[in-house]
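Laboratory data are not the source of any read-out in this text; all were calculated from the coordinates shown. Please read all numbers here as calculations on a predicted model, not as lab measurements. All Cβ positions, glycine included, derive from the backbone under ideal geometry; neighbour counts span all protein chains shown.
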Amino acid sequence: MRLAHTILAALLLLASVPATAAPADDFHTLLADHWAWYLKTDPITASASGVHLYDDRLPDISLAAMDRQAADQQAFLDRLARIPLDALSPPDRINAAIFRRLLTERIEGNRFGERMMLFDSYSSIHQTVAGLADVVPLHGKTDYESYLTRLSRYPALNAQVIAISRQAVAEGYVQPCAAMGGFEKTISGVITANPEDSRFYAPFKAPRPTAITPADWATLQARAKALITDVLVPEYRRFDAFYVQDYAPHCRKTIAATTLPHGKAWYAYQIRVMTTTDKTPEQIHALGLAEVARIRAEMDMVAKRAGYPSRAAFITKLRTDPRYFARSPEELMGHAALIAKTIDGKLPGFFGRLPRLPYGVRAIPAETAEGTTTAYYMPGSPDAGIAGTYYVNTSKLDQRPLWELPALTLHEAVPGHHNQIALQQELDLPEFRKHIVFYNAFVEGWALYAEHLGTEMGVYDTPEKDMGRLSYEMWRACRLVVDTGMHAMGWSREQAMAFMKENTALTDANIDAEVSRYISWPGQALAYKLGELEIRGARARAEAALGPKFDLRRFHDAVLGQGAVPLDLLDSQIDTWIAAEKARD
């Protein structure tokens, strides 16, 4: 009798289940399948996201792997096309649009030979590996063992980098000579005579985790030293020799992306991806010139209020007066940390929701510092137990003025990159949107908007700091001009540097590093100003529509509350928010 009841219950349950899964179920299964696939193809992101299935692996970056991944992404895109999107909820329709855009852009990007350009003046695989300990969890014995196993696999990855780069040289996909000066130091600088001085060994110089016995800790330390000496140092020497002997002599004598094979189409693709717009280089160039003129007039007014006869006279003082520069790396880091904590105390007045994940302040590694930018942010992971990091450049101290630190900190730390990225990781979004969707125009646009927000926070409390803010905004406006100028309009590197020096207060070292970055990473620098203008425009529209009902904290929460999105989607989201705010009692 009990068996009969069980069979009847099972039949009733089957009768209540639709013959086919609902569109929402199909879509969520698709996203779950894609996320599982993505973590397998990018094991470092998996570890940083708290998924430990691939903690001992490095990615396969071979051209064959790139092609396989593009085919897999096309299969995901085909599955998406079979789902009736009008049957999805409004949030899932947004998720589907972003998912389609992600897949489409990556499939298109794989068709360009420029995919073989694996490094630039700003980033590289060998530096990513050297910094692994900063982005993966290291808590217990298994974590440290996985870290060492992962490093032991570096020879295969290095061989892929060299093989692909060798093919890139043969086919003309090489970086310009003008952008890569000193790049070899980012390789040789990782090599140390004493393994205990290596960046790879840094985790083993930290206090022993209590979960690891002294004997096991000593074994891990010995294994790390042997791995550095016998495997990693020889591999970095191998890559250094390849770069110096086989790559650098074949560097490109031209700087324009459009001089690469299919370069015009690739630069147009880069602009679409980086800005999430269909603007042409000519339109962006014109917008940049207009912004330069507007900001220059504001700089003139600040200089006059500070008692200087001209903007140029004030900037000369700012660039040359020793009192505006730190005398030691520790002093510079101290200033950066104090500014960061001061801003922290102001955030609740401007945001209703703040991320739970904290952030730290660290110096940029010495081997990359001289050739890279003034600062950058490295995301953390609440799932992996890793804080965000605001990295500050402590090289060339006479080129790192203190008056630019407030704008720099607002951008790279809070309420810029850390607030936006750490909060995105906590939102109720699909995993791919939390961890791999970082539209540059939104992310960098928000960080530049955060610099401007410092005026309302009272951060720029001296004319020098205010000129620093304007110089940074001018720097981003100049990017629109010089990036398009060099890559689409025949500008030389010298012309770009002269334009930057004439219009910003940046020091020569910063200008040199920045122009190299624009040359070797086409289109990326266009995102900042275009995104910031969109966010400021959305705020102005909201203020005008809501009048006294406008709440700045609620506006900021609305901008950040959906994670990074394309600029056109941001516009529609803010319009929806404005309508909802009007309806509030």
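Things worth noting here:
- The lysines within cross-link reach of residue 396, meaning a Cα-to-Cα straight distance under 17 Å and a gap of 8 or more places when in the same chain, are 185.
- Scaling the Cα radius of gyration of segment 29-116 by the globular reference 2.2 N^0.38 Å produces a ratio of 1.19.
- Scaled radius of gyration (Cα, divided by 2.2 N^0.38 Å) that segment 265-532 gives: 0.98
- Helical segments meeting 30 Å axial Cα length and Kyte-Doolittle 1.0 threshold in the chain (DSSP H): none
- Where only alpha carbons of segment 23-253 are counted, the Rg and the Dmax (Å): 20.8, 62
- Over segment 265-532, Cα pairs under 8 Å with separation of 6+ residues give a relative contact order of 27 percent.
- About its Cα centre, segment 488-575 has a charge dipole of approximately 200 debye under the convention of +1 per Lys or Arg Cβ and -1 per Asp or Glu Cβ, with nothing else charged.
- Ranked for footprinting exposure by Cβ neighbours inside 10 Å, fewest first, 148, 526, 318 give 148, 318, 526.
- Signed unit charges on C-beta, dipole axis of the chain, positive-most listed residue 142, 437, 489: 489
- Counting every other Cβ atom within 10 Å of each residue's Cβ, 94, 295 order from fewest to most as 94, 295.
- Annotation for residue 79 and residue 316: the two label points, set 7 Å from Cα along the Cα-Cβ direction, are 6.5 nm apart.
- Summarised in one figure, the compactness ratio Rg/Rh of segment 431-565, Cα atoms and Kirkwood Rh, is 1.02.
- Amide H to amide H distances under 5 Å link residue 361 with 390, where only residues 5 or more positions off or on other chains count and H is placed in the peptide plane.
- The residue list 380, 121, 314 was ranked by how far each Cα lies along the charge dipole of the chain toward its positive end, using unit charges on Cβ atoms, and 314 comes out on top.
- Coil-residue trypsin sites (Lys or Arg not before Pro) of segment 301-364, DSSP, other Cβ within 10 Å capped at 11: 327, 356
- Spin-label pair residue 544/residue 68, simplified geometry with 7 Å Cα→Cβ offset, distance in nm: 5.4
- Shape analysis of the chain based on the Cα gyration tensor places the equivalent ellipsoid semi-axes at 38, 33, 26 Å, largest first.
- Charge dipole (segment 265-532, unit charges on Cβ, about Cα centre) - positive-most of 349, 267, 337: 349
- Inter-label distance for residue 426 and residue 571, nm, one decimal - labels placed 7 Å from Cα along Cα-to-Cβ: 3.1
- Dipole magnitude for the chain: computed about the Cα centre from +1 point charges on Lys and Arg Cβ and -1 point charges on Asp and Glu Cβ, it is near 280 debye.
- Cβ-based net charge around residue 580, under 13 Å, with every Lys or Arg adding one and every Asp or Glu removing one: -1
- Any cysteine of the chain lacking a neighbouring Cys Cβ under 4.7 Å - listed by number: 478
- Database remark: amide H of residue 386 closer than 5 angstrom to the amide H of 381 (H placed geometrically; neighbours at sequence offset of 5 or more, or on other chains; Pro and chain starts carry no H).
- Annotation: lysines with alpha-carbon distance below 25 angstrom to residue 141 (same-chain offsets under eight excluded): 40, 205, 225.
- Segment 357-364 - phi-based ³J(HN,Hα) in whole Hz, Karplus 6.51/-1.76/1.60, Gly and Pro as x: 6, x, 9, x, 10, 9, 7, 5
- The value of relative contact order for the chain, using C-alpha pairs under 8 Å at least six residues apart, is 16 percent.
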